[in-house]
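The values are calculated or read from the model by the stated rules, or taken from the named source; none is laboratory data. Nothing here was measured: the structure is a model prediction, and the numbers come from that model. In this analysis, Cβ positions are derived from the backbone assuming ideal geometry, glycine residues included, and neighbour counts consider all displayed protein chains.
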Amino acid sequence: MDNDSRYLDIESALNRVRGKSALIKRLLTMFLQGKHFDEFEAALEECDFEKASEVAHAIKGETANLSMPLLSETAGSLMVQLRNGPPDSDTLETYREALQRTLELVQVAIDTME
C-alpha cells in the first residue's frame, strides 16, 4: 500500500462501487461538502464529548465506506476515547493531519476522474 492509499485508497473505493467512477466521484464530492468535520470540532470546543463521540462514529463509518483507512482508524480511536472524556492530544493531532491530507487527495481524485 503506497503512502497516499493510507489516506484514500481510490482503487478500493472504486471496487466498492463496482468500478462506477461517476458514482464514486459523486460520493467523494458529497464527502467534501459534509458537515461532520465542523460538527466534530464544534462539539470538542464545547466539551460535549458525547456529541463528539457520536460524530466521530459517523466519520469513522463514512470514511471506512469510502476507503480512507487512516482517517477511519483515527476517528474510531477518538470515538472510543471520547466516551470517557477528552481525547488524547496525539490521536487528535493524527486525526486532523489525516483529515487534511485526505481532503487534499479527494479533491485531486475528483479533479482527475472522467
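Residues in region 93-112 that are surrounded by fewer than 18 Cβ atoms within 10 Å (Cβ to Cβ) and closer than 18 Å to Glu50 by Cα: there are none.
Among the listed residues Ser53, Ser72, which satisfies the condition of being closer than 23 Å to Asn3 by Cα and either touching a Cys at 6+ places or on another chain (Cβ under 7 Å) or surrounded by 15 or more Cβ atoms within 10 Å (Cβ to Cβ) (or both)? Of the residues listed, the single one that is closer than 23 Å to Asn3 by Cα and either touching a Cys at 6+ places or on another chain (Cβ under 7 Å) or surrounded by 15 or more Cβ atoms within 10 Å (Cβ to Cβ) (or both) is Ser72.
Against the definition (free of Cβ contacts under 8 Å to residues at least 24 places away in the same chain and surrounded by 15 or more Cβ atoms within 10 Å (Cβ to Cβ)), how does Lys20 come out, yes or no?
On the way: free of Cβ contacts under 8 Å to residues at least 24 places away in the same chain: yes; surrounded by 15 or more Cβ atoms within 10 Å (Cβ to Cβ): no.
No, not satisfied.
On inspection, Leu78 fails the criterion of being part of a helix (DSSP H, G or I), of a type outside the set (S, T, N, Q) and in contact (Cβ under 8 Å) with a residue 40 or more places away in the chain. Looking at region 61-75, can you tell me whether even one residue there is small (Gly, Ala, Ser), within 30 Å of Met113 (Cα to Cα), assigned to a loop (DSSP other than H, G, I, E, B) and at pLDDT 95 or above? Yes, some residue in region 61-75 is small (Gly, Ala, Ser), within 30 Å of Met113 (Cα to Cα), assigned to a loop (DSSP other than H, G, I, E, B) and at pLDDT 95 or above.
Counting the residues of region 18-27 that are over 10 Å from Ser67 (Cβ atoms) and either part of a helix (DSSP H, G or I) or hydrophobic (A, V, I, L, M, F, W, C) (or both) gives 6. Residues in region 28-53 that are farther than 15 Å from Ala98 by Cβ, part of a helix (DSSP H, G or I) and of a type outside the set (A, V, I, L, M, F, W, C): Thr29, Gln33, Asp38, Glu39, Glu45, Glu50, Lys51, Ser53. Evaluated against (1) part of a helix (DSSP H, G or I); (2) under 16 Å from the mean Cα position of the chain (by Cα); (3) at pLDDT 95 or above, Ala13 falls short on exactly one condition, (3).
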